[in-house]
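The values are calculated or read from the model by the stated rules, or taken from the named source; none is laboratory data. Not measured: the values here are computed from a predicted model. Neighbour counts run over all protein chains shown; Cβ positions are idealised from the backbone, glycine included.
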Amino acid sequence: MKFGRFRHKTGEMREYYGTLSTDKDRSFVNVIEKFSFEEDLKYQYDGKQLELNDLEFLSPIHPTKIVGVGLNYKDHAAEMQTKLSDEPLLFIKPTSSIIPHLGTIVRPEVSQKVDYESELAAVIGKTAKNVKKEAAADYIFGYTCLNDVTARDLQTKDVQYTRSKSFDTFAPIGPYIETEIENPSNLEIKGYLNGELKQSSNTSNLIFNPYELIEFISSIMTLFPGDIISTGTPSGVGSLNKGDIFEIEIENIGKLKNFVE
């Protein structure tokens, strides 16, 4: 199921959780009533169907944190001329950096080089602490696309990642969470800059797969329902400039599209 969060384009402030359905040329959202991880993982619908064309996308979930993973693709490590890590390299992106599908990435004036990073993100479905990788799949609600936008010049200047990863609008997420991914370690992942293919890889190239990441991260910090683990970017990272459009496409999940100003 493709799960998301939406609002009417008319300006109505009510938010809707729901799942996407298609019927011939029509796409619509089946509204879920009073969604919560504790009460509603079985998708209790209220019977309403809303036309997708009448809705704007919101970020599909409210996390307490985004845990990022650096240099987690073999091809990206080679691109950066860095040896493969013995353990995951972690950083945190704040929830204030989140924007939805079709939202606008704002380049900060303080940075001269803002880069895109196409990433598979795992969304936690229940509280996870000291979870072994063999049981990790039971703690995953689903997967989505995430653009780990990075002020590369500030990352180099600061050494650590906090400032370069944390600007408002630096975490586009969506458009949906796909809840039925059997094997997250064999998904095609692509990134398009203004329609031109820039990143093309497969999650089989991950150094640490989502289950291994959950084991490692949950041994350090408690992961709560809705929290996001962004699993790293493949090779082909590059700069975003004003007027650009960047799209991330992940097999069986969908395409995340954002604008740049």
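Quick rundown of the values:
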read-out	value
Strands (runs of 3 or more DSSP E) contained in region 144-215 and holding at least 2 residues under 22 Å from LYS65 (Cα atoms)	171-178
Residue match in region 102-118 (condition: touching a Cys at 6+ places or on another chain (Cβ under 8 Å) and at pLDDT 95 or above)	yes
Hits in region 106-135 - residues which are under 27 Å from SER164 (Cβ atoms) and of a type in the set (Ser, Thr, Tyr)	SER111, TYR116, SER118
Filter result for GLU119 (in the same structural domain as ASN183 (by TED's automatic domain parsing), charged (D, E, K, R) and either within 16 Å of THR19 (Cα to Cα) or assigned to a strand (DSSP E or B) (or both))	yes
Tabulated pairs, region 233-249, first on the phi > 0 side of the Ramachandran plot, second of a type in the set (D, E, K, R) and at pLDDT 95 or above, C-beta under 6 angstrom, 6+ apart or interchain	GLY236/LYS198
Residue match in region 74-90 (condition: in contact with a strand residue (DSSP E or B) (Cβ under 7 Å, 6 or more places away or on another chain) and at positive phi)	no
Index of the failed condition, THR144 passing every other in (1) at pLDDT 95 or above; (2) surrounded by fewer than 22 Cβ atoms within 10 Å (Cβ to Cβ)	(2)
Residue within region 64-86 that is under 19 Å from THR179 (Cα atoms), of a type in the set (S, T, N, Q) and modelled with pLDDT of 90 or more present	no
Yes/no for ARG107 being of a type in the set (D, E, K, R), in a loop (DSSP other than H, G, I, E, B) and farther than 23 Å from SER201 by Cα	yes
Identity of the residue in region 50-81, among the hydroxyl-bearing types (Ser, Thr, Tyr) and farther than 15 Å from ASN205 by Cα, that ends up surrounded by the fewest Cβ atoms within 10 Å (Cβ to Cβ)	THR64
Only listed residue being of a type in the set (A, V, I, L, M, F, W, C) and under 12 Å from the mean Cα position of the chain (by Cα), chosen from VAL106, VAL149, VAL114	VAL149
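Residues are listed down the side, and each one gets a yes or a no for (1) of a type in the set (S, T, N, Q); (2) touching an Asp or Glu at 6+ places or on another chain (Cβ under 8 Å); (3) modelled with pLDDT of 95 or more:
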{"residue": "LEU154", "(1), (2), (3)": "no, no, yes"}
{"residue": "VAL159", "(1), (2), (3)": "no, no, no"}
{"residue": "THR169", "(1), (2), (3)": "yes, no, yes"}
{"residue": "PRO210", "(1), (2), (3)": "no, no, yes"}
